[in-house]
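Some notes on the structure that comes next.
The values are calculated or read from the model by the stated rules, or taken from the named source; none is laboratory data. If you're wondering where the values come from, they're calculated on a predicted model, not measured in any experiment. Reconstructed Cβ throughout: ideal geometry from the backbone, glycine too, with neighbour counts over all protein chains shown. Please note that ligands, DNA and RNA were not included when accessible areas were found on the heavy atoms of the full protein model with its side chains. Shrake-Rupley method; radii C 1.70, N 1.55, O 1.52, S 1.80 Å.
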Amino acid sequence: MILTITLNPSMDYVYRRDTFVLGEHNRFENPHKMPGGKGINAARAISFLGGDVICFTTLAGLTGEHIKKMLDSDKFTYINHEINGESRNAITVMHDGAKQTEIVEAGPELSTEEEKEIFDQIDLILNNNSYKVVTINGSVNSRNDSLYLNLLKKIKNEHPDIFLLMDVSGQQLKNIVNSKDIHPYFIKPNIVEFSELVNEEFADKDELIHFLKTFDTNINFLLISCGEDGAVVKYKDNIYNIEIPKVKVVNPTGSGDSTVAGVAYAIDNDYDFESMIKLAMASGMSNAMEKGVGVVNKEVVSELIKKISVDLIV
Ligand code: ADP
């Protein structure tokens with residue numbers, strides 16, 4: 001069983017227009033609306049893959065109610081936790097070919113009391129059921145830059161056998177990577193997030209691979225996703241280049257979340273390493289070929305898997 005954790009969900013709106021002009025009046029067709037936030041998207045993708053998943057999410061105010069109503073029609077089970085304020089909106093505009101412009105609100109800031117309540121609620125959930133995988137995804141609006149590190153420590157201390165995946169960024173990720181004593185099983189920064197994390201520029205995958213050869217980390221499993229260029233993976237002491245075929249992209253939002261979904265599903269179902277990476281890549285690609293976010297087509301995934309290569313570099 002898999003638990004996904006979303007501490008800053010959003011109401012997602014995807015608008016499309018051939019051209020989008022800043023400073024002018026741009027008229028749009030009605031948007032494609034979906035409840036989002038990385039953990040919600042990952043839960044959706046896991047449910048499309050046929051996995052056993054429960055989604056934990058905070059919700060706030062009227063936007064929170066809206067998200068809740070829409071989550072009711074999703075196929076996965078969710079547990080919501082009410083907090084103060086107003087859940088955020090996230091607006092994506094697809095325009096001018098493959099361009100994607102995003103307007104993303106910060107979301108309600110968690111109080112110290114709310115953070116404690118959330119930790120207690122997660123504790124309850126984990127004690128109520130047997131989870132093999134827990135994945136913590138997306139941003140959190142907290143004054144505590146180590147909130148995710150603290151959550152990781154709490155879960156690892158009380159449930160050492162759980163596989164903990166983290167798809168987070170910014171200072172929260174830095175504090176996790178720099179932690180001396182405790183680490184998640186897996187992280188999935190995209191190449192831009194990884195570049196920010198290590199303060200290095202990478203012109204292409206070759207430069208990234210070169211950097212990784214001497215990159216010292218205690219995290220065993222690091223998947224750096226590179227959009228249409230596939231990914232680079234550091235697993236234990238090895239580095240792999242993951243090549244993917246070209247596909248017709250409709251909306252790549254949620255591809256990273258679907259990639260994490262693939263990894264979570266594969267661990268939960270005892271896949272070997274290569275099959276896990278192929279499923280993860282194919283899930284991200286299948287999502288990119290759909291209008292919806294966290295939407296994955298299992299038949300498309302099976303076809304894509306045949307065209308993905310996992311090449312050992314060192
Ligand atoms: P994120 O959504 O976190 O920014 P990426 O954009 O790197 O992550 O996408 C994650 C994965 O989804 C990629 O490694 C790839 O497998 C797939 N993917 C994303 N964008 C595309 C694309 N334009 N074409 C094909 N596959 C894609």
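Net charge dipole, the chain: roughly 520 debye, given to the nearest 20, about the Cα centre with Cβ charges of +1 for Lys and Arg and -1 for Asp and Glu. Per-residue ellipticity at 222 nm computed for the chain from its helices equals -11000 deg cm²/dmol, with DSSP H segments shorter than 4 residues left out and the rest contributing -39,500 (n - 2.57). Under 5 Å from the amide H of Glu82 lie the amide H atoms of Leu59, each residue being 5 or more positions distant or on a separate chain, with H modelled from the backbone and absent for Pro and chain starts.
Using a probe of 1.4 angstrom and keeping all protein chains present, the accessible surface of the stretch 189-314 works out to 46 square angstrom per residue. Between Met166, Met70, Met285, the Gaussian network model of the chain with springs among Cα atoms under 10 angstrom shows the greatest mean-square fluctuation at Met70.
Do any of Lys213/Lys278; Lys154/Lys307; Lys99/Lys213 go past 30 Å between their Cα atoms, and which? In this structure, Lys154/Lys307; Lys99/Lys213 lie more than 30 Å apart at Cα.
Between Asn144, Phe215, Asn41, the Cα set farthest toward the positive side of the dipole of the chain (charges on each charged residue's Cβ, about the Cα centre) is that of Asn41.
Under a straight-distance cross-link criterion of Cα-Cα below 19 Å, which lysines are reachable from Lys38, leaving out those fewer than 8 residues away in the same chain? Those lysines meeting the cut-off are Lys68, Lys69, Lys75, Lys174, Lys188, Lys291.
Sequence neighbours fewer than 8 away in the same chain don't count; with that in mind, list the aspartates and glutamates whose C-alpha is under 17 Å from Lys153. List returned: Glu115, Glu117, Asp120, Asp123, Asp145, Asp161, Asp167, Asp181. Per residue, the accessible area of the stretch 19-113 comes to 53 Å², computed with a 1.4 Å probe over protein heavy atoms only. Counting charges near His210 (Lys, Arg +1; Asp, Glu -1) among other residues having Cβ under 12 Å from its Cβ returns a value of -2.
Computed over the chain with a Gaussian network model linking Cα atoms closer than 10 Å, the most mobile of Thr259, Thr101, Thr135 is Thr101. Relative contact order of the stretch 258-314, taken over Cα pairs closer than 8 Å and 6 or more residues apart, is 34 percent.
Expressed as a whole percentage, what fraction of the accessible surface of the chain belongs to carbon and sulfur atoms when a 1.4 Å probe is rolled over the protein heavy atoms?
Numbers: 6730 of 14520 Å².
Carbon with sulfur: 46 percent of the solvent-accessible area.
List, in the order given, every pair from Lys33/Lys236; Lys180/Lys234; Lys132/Lys248 whose Cα-Cα distance in the structure shown is over 30 Å. Don't skip to the answer; put the middle values down first.
Numbers: Lys33/Lys236 40 Å; Lys180/Lys234 19 Å; Lys132/Lys248 34 Å.
From Lys33/Lys236; Lys180/Lys234; Lys132/Lys248, over 30 Å: Lys33/Lys236; Lys132/Lys248.
If you take the square roots of the eigenvalues of the alpha-carbon gyration tensor of the chain and sort them as a ≥ b ≥ c, do you get rounded (a/c under 1.5), prolate (a/b over b/c) or oblate?
On the way: a/c = 1.37, a/b = 1.03, b/c = 1.33.
Note, shape of the chain comes out rounded.
Local charge sum around Phe221 (other residues, Cβ-Cβ under 13 Å, Lys/Arg +1, Asp/Glu -1)? Value of the local net charge: +1.
About its Cα centre, the dipole of the stretch 1-150 is roughly 540 debye, where the only charges are +1 on Lys and Arg Cβ and -1 on Asp and Glu Cβ.
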